[in-house]
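Have a look at the structure below before the remarks.
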């Protein structure tokens, strides 16, 4: 489910509400070990954080954070999901590509917490 670029700007708040309601009617991801996985897509920034909060449901497997340029982009989204540790985050780099993903990979070890230092 794409809560950003696939939705007209004036409809994004409504789309978040619709997606949140839809997710409430789906079994938790932990109860579906064979799938399907449900992933959402958000952008960094205030709207993306709002999307992460709206999507933070036991039914959600993970969020792709598109246009990720800095470790801080993921840290900010992760902060919105502190009460939902089962939700995986996957950065999708913006135009700068490699350098951003390399820095994120070094700062965010597998299974660990991000380091902003």
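The values are calculated or read from the model by the stated rules, or taken from the named source; none is laboratory data. Treat the numbers as computed from the prediction; the structure is a model and nothing was measured. Virtual Cβ from ideal backbone geometry, glycine too; neighbours counted across all protein chains shown.
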> So which of 77, 65 ends up being under 18 Å from residue 38 (Cα atoms), at pLDDT 80 or above and assigned to a helix (DSSP H, G or I)?
Replying inline: 77
> In the stretch 2-37, which residues are farther than 11 Å from residue 61 by Cβ, in contact with a strand residue (DSSP E or B) (Cβ under 9 Å, 6 or more places away or on another chain) and either free of Cβ contacts under 8 Å to residues at least 12 places away in the same chain or in a loop (DSSP other than H, G, I, E, B) (or both)?
Replying inline: 3, 4, 5, 6
> Taking residue 66, is it touching a residue at least 60 places away in the same chain (Cβ under 8 Å) and either over 8 Å from the mean Cα position of the chain (by Cα) or closer than 17 Å to residue 2 by Cβ (or both)?
Replying inline: yes
>> Checking the condition surrounded by 15 or more Cβ atoms within 10 Å (Cβ to Cβ) and assigned to a strand (DSSP E or B), which residue from 40, 51 passes?
In response: 40
